[in-house]
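In what follows, a structure is listed as structure tokens, so that the remarks can point back to it.
Just so it is clear, none of the values below were taken in a lab; they were calculated from the coordinates. Everything numeric in this text was worked out from a predicted model, so none of it was measured. No Cβ is skipped: glycine too gets one built from the backbone with ideal geometry, and neighbour counts run over all protein chains shown.
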2 protein chains.
Amino acid sequence: MTDVVTEKPRRGRPPVSDEQRRRQRLDLSRHAVRLFAEQGVAATSGEQIAQAAGVSERTFWRYFPHKESCVEPLLTKMVEAFCVVVRAWPRELELIDHLREAYSPLLDAASDEDIEAVLAVVRLTHGEQALRAAYLMLRERAEDALADVLAERAGLPRDAIEVRVQAAAMSAVLKVATDDVARSAADGVTRETLEGHREQIAAALRGLSQML
Amino acid sequence: MTDVVTEKPRRGRPPVSDEQRRRQRLDLSRHAVRLFAEQGVAATSGEQIAQAAGVSERTFWRYFPHKESCVEPLLTKMVEAFCVVVRAWPRELELIDHLREAYSPLLDAASDEDIEAVLAVVRLTHGEQALRAAYLMLRERAEDALADVLAERAGLPRDAIEVRVQAAAMSAVLKVATDDVARSAADGVTRETLEGHREQIAAALRGLSQML
DNA sequence: CGCTTAATGGCAGATGGTGCCAATAAATGT
DNA sequence: ACATTTATTGGCACCATCTGCCATTAAGCG
């Protein structure tokens, strides 16, 4: 009865906090992305990234299983932002209207630098196949999260076919819109660009409804 | 004026035909997939695949840029089959109805072995991340082809936002349906399973229209 | 059979990535 | 202060992935 949350009279050095680890990954991620953009993925070695971030190559490979997954921390920020918005989607509102309401505050929350970096990565994924593959894998993970939210809203199991189709379609729309905004924001991202992004999504969702 | 199709009084050994090359790739692909399924991707080395197919490791790497791209020839068969159907989609018919008409004959055309192999690969992509990434990349290439067809139908440029959204959404639907049929056909594929697949797609497309 | 060109195979080498172990860092107990 | 315990780090050896280079072989043609 005493092990509801198993007792842990911890003894040695405690593991670093998840927060700390996240920061470290993000730091490595920034260096990696900068180098990727400057000289290409293929021409950037793991050793180089490690050196730029001031850790040994060995620990670098402990933080990232593959070179391309260096983009993950940055991109995750983006998809998580979207998941937060979707999760807050009130039942009585149209998705488009909810986006208009909830998206702007979210943009204020993220730092301009991060937004710029994320868009840079998305642009990179077009020339660099390895990065594109990593990007698509990440989007599929996001799709699962989206499916969870949609399932809860609809009161259906998360692997119901309707739920998965809707999640996949929404995710696909978001992908197109994101690629588009990244392309059009090639030099400098403005508030107008981002609001354009929101409208892009809205228009795309509207377009979906005309499909059949 | 004499170089409309540059004159080629060919001299030495002629390059192998594209057909021949395609066959070779497909053969390597089959061996690779079998090994992947038997012992996992990570545990299967390029040397092993080459040996199984009876070529040197060096030439194996000439046929495939990465180990995971061994699944490409098989999967391409699948997406090309779908593209053919879409291309033949008459303007006056609903897509669902067209699928019902055109899909069955197509199933007869492909060999049972190949269909089985394709589904096996799709199943593999769920446990093997590297394969999943390759799969998603291929699907995106197929999405482009789909966009071309849709653009022509709609009389819009191929990079119009509506076209790309529609292509992305259709592709996403097809992905869900394909994953589902692969899972449900885990042991032995029957004609019922495949017709189920077609209905799966139809239902999914119908579901899409209810999205908003 | 010589000539020309394409495909192949073998070998060296750089990079990606992992397992193992010693060294160090951060906590607690005495 | 010091020993003890545990987590992280770095160094090293090692296998796999993939490429460049060159010699060899194969396939056509006069």
Q) Would it be correct to say that B:T125 is more than 16 Å from DNA strand D (Cβ to nearest atom), under 21 Å from the mean Cα position of the chain (by Cα), more than 14 Å from chain A (Cβ to nearest Cβ) and within 21 Å of A:L136 (Cβ to Cβ)? A) no
Q. Does B:R62 satisfy being surrounded by fewer than 18 Cβ atoms within 10 Å (Cβ to Cβ), under 25 Å from A:L131 (Cβ atoms) and of a type outside the set (A, V, I, L, M)?
A. yes
Q: Return a yes/no flag: does the stretch B:76-94 have any residue that is within 16 Å of DNA strand C (Cβ to nearest atom), more than 13 Å from chain A (Cβ to nearest Cβ), surrounded by fewer than 19 Cβ atoms within 10 Å (Cβ to Cβ) and in a loop (DSSP other than H, G, I, E, B).
A: no
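Results for (1) over 18 Å from the mean Cα position of the chain (by Cα); (2) within 11 Å of another protein chain (Cβ to nearest Cβ), shown as yes or no for each residue.
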position	(1), (2)
A:R132	no, yes
A:Y135	no, yes
A:R139	no, yes
A:A142	no, no
A:L146	no, no
A:V149	no, no
A:A169	no, yes
A:D179	no, yes
A:A186	yes, no
Q: Pick out the one residue from B:R34, B:R62 that is more than 14 Å from DNA strand D (Cβ to nearest atom) and free of Cβ contacts under 8 Å to residues at least 24 places away in the same chain.
A: B:R34
Q: For the stretch A:37-53, enumerate the residues that are surrounded by 16 or more Cβ atoms within 10 Å (Cβ to Cβ), within 12 Å of DNA strand D (Cβ to nearest atom) and without any contact (Cβ under 8 Å) to a residue 24 or more places away in the chain.
A: A:G46, A:A50
Q: Select from the stretch A:27-51 the residues that are more than 12 Å from DNA strand C (Cβ to nearest atom) and either under 18 Å from the mean Cα position of the chain (by Cα) or within 14 Å of another protein chain (Cβ to nearest Cβ) (or both) and list them in ascending order.
A: A:D27, A:L28, A:S29, A:R30, A:H31, A:V33, A:R34
Q) If B:Q24 satisfies every condition in (1) within 12 Å of DNA strand C (Cβ to nearest atom); (2) crowded, with 18+ Cβ neighbours inside 10 Å but one, which is the exception? A) (2)
